[in-house]
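Down below is the structure, laid out as structure tokens.
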Amino acid sequence: MIILGIETSCDETAASVLKKNNNELKIISNVVASSLPLHAKTGGIIPEVASREQLKFIIPVIKEALSGVKINDIDAIAVTYGPGLMGSLLVGIETAKTLSYVWKKPIIPTNHLIGHIYANFIGNEKIKFPAIGLIVSGGHTDLILIKNHGDIKWLGGTRDDAAGEAFDKIGRLLGLSYPAGPAIENLAKNIDFDKYKFPSPMIDSKDFDFSFSGLKTAVTREIQNKQLNDGIISGISYSVQKAVVNVLINKTIEAANKYKVKSILLGGGVAANQKLRDELQTKTEELNIELFIPPKNLCTDNGAMIAAAAFFNDKAIAFEKISAKPQLYFD
Ligand code: KG4
Ligand code: ZN
């Protein structure tokens, strides 16, 4: 079985062809075009700019993903229908609907957040349930309990900024370009002690919620009336990364213990953070829980994760019935 996955929920335009053979998923192609350089100039995403770029990219990206693939061999088209930016989602959805009509292929609407988690199933098709999923991206910080494919319970999420958003906003205060997560990770490598000791927000709250906006306020206060230099910027990066990683790991492990899960699945752009990957690996080994984190190129937005989610949660519907759901959460 072969699925074409299309993803355009934020600033990426992505398409991928994924093949399932003997229950194994194999990436045939995975093409991502990003309008990031444009957003770096403005320090964040301007939705109108993102969707206009996606209109330019969508056909060439799909064409490249399909090179070497026979249209006849494609069994279905999976497309992200939410959450995300309305204009961006529409580019992918309307293109997928047109292809579905012209090629006479079923279309599978896919939740972007569930897609991030399913990036883990590529090459690990038999992940054991129950599992805890941690989705950490620029727009989301969510903990979910996955009892089985299609059986998901939301446990908690951020009350304000997402983890990636916190990195990006703090990066802006420090004069780093957007998105600041990777830069903060790199600068933190210059330092080996926690000079600023920023609090890990809500680390002791007895729920699975997060809050990151206070961290931004703490950094604002710290740098007020200070001339920033490389040492200060690296030191703050270290302490910010530590505060964010600590609370993410703490709550994930608490949830894993409470629900006695067999696996933990990470997803989203912040899952590319090596500190988070390494520390969670150490913790899960101690607890004998299997940890799955996608390779870095599958942590950020891509079409392969959307196709993978569709393989396991196949709910094909008539293309006329698909509409963009910018506020979509967990069903
Ligand atoms: O999943 P993603 O590509 O897009 C959204 O759906 O939001 O995530 C992008 C976010 C940005 O906030 C970026 O700063 C963050 O992921 N990010 C990182 C790293 N790489 C990307 N944060 C921390 N460390 C990284 N290495
Ligand atoms: Zn995403």
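The values are calculated or read from the model by the stated rules, or taken from the named source; none is laboratory data. All values derive from a computational prediction rather than experimental measurement. We place every Cβ from the backbone using ideal geometry, glycine too, and count neighbours over all the protein chains shown.
Listed here are the residues, each with its yes/no results for (1) among the polar types (S, T, N, Q); (2) without any contact (Cβ under 8 Å) to a residue 40 or more places away in the chain; (3) more than 16 Å from ligand 2 (Cβ to nearest atom).
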{"residue": "17", "(1), (2), (3)": "no, no, yes"}
{"residue": "21", "(1), (2), (3)": "yes, yes, yes"}
{"residue": "30", "(1), (2), (3)": "yes, no, no"}
{"residue": "48", "(1), (2), (3)": "no, yes, yes"}
{"residue": "65", "(1), (2), (3)": "no, no, yes"}
{"residue": "68", "(1), (2), (3)": "no, no, yes"}
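Applying the selection to the stretch 121-136, what residues are buried (at least 22 other Cβ atoms within 10 Å of the Cβ) and away from ligand 2 (no atom under 14 Å from the Cβ)? If you could, list the steps in order and put the result at the bottom.
Looking only at the stretch 121-136, we keep the residues that are buried (at least 22 other Cβ atoms within 10 Å of the Cβ), and these are 122, 131-136.
Within the stretch 121-136, 122, 131, 132 qualify.
Of the residues 85, 145, 173, which is out of contact with any Phe, Trp or Tyr (no Cβ under 6 Å at 6 or more places or on another chain) and either within 25 Å of residue 32 (Cα to Cα) or buried (at least 20 other Cβ atoms within 10 Å of the Cβ) (or both)?
Numbers: 145 fails: out of contact with any Phe, Trp or Tyr (no Cβ under 6 Å at 6 or more places or on another chain); 173 fails: either within 25 Å of residue 32 (Cα to Cα) or buried (at least 20 other Cβ atoms within 10 Å of the Cβ) (or both).
Checking each option against the conditions leaves just 85.
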For this session: Determine, yes or no, whether residue 261 is closer than 23 Å to residue 214 by Cα, at pLDDT 95 or above and not in a strand (DSSP E or B).
Result: no
Exercise. Considering 298, 215, which residue is within 30 Å of residue 2 (Cβ to Cβ) and either surrounded by 15 or more Cβ atoms within 10 Å (Cβ to Cβ) or within 16 Å of ligand 2 (Cβ to nearest atom) (or both)?
Worked result: 298
Exercise. Is there any pair linking a residue in the stretch 248-273 that is more than 21 Å from residue 161 (Cα to Cα) and aliphatic (A, V, I, L, M) to one that is assigned to a helix (DSSP H, G or I) and within 16 Å of ligand 1 (Cβ to nearest atom), with Cβ under 8 Å and at least six apart or on different chains, and which?
Worked result: 264/252; 264/280; 265/117; 265/120
Seminar exercise, completed: So the helices (runs of 4 or more DSSP H) completely within the stretch 268-319 holding 2 or more residues that are basic (Lys, Arg) and closer than 30 Å to residue 237 by Cα are 274-287
Exercise. From the list 192, 207, which residue is under 29 Å from residue 260 (Cβ atoms), away from ligand 2 (no atom under 16 Å from the Cβ), loosely packed, with under 14 Cβ neighbours inside 10 Å and over 20 Å from the mean Cα position of the chain (by Cα)?
Worked result: 207
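Residues 254, 279, 285: which one is farther than 28 Å from residue 27 by Cα, within 15 Å of ligand 1 (Cβ to nearest atom) and among the acidic types (Asp, Glu)? Give the steps one after another, and end with the answer.
Values: 254 fails: within 15 Å of ligand 1 (Cβ to nearest atom); 285 fails: within 15 Å of ligand 1 (Cβ to nearest atom).
Checking each option against the conditions leaves just 279.
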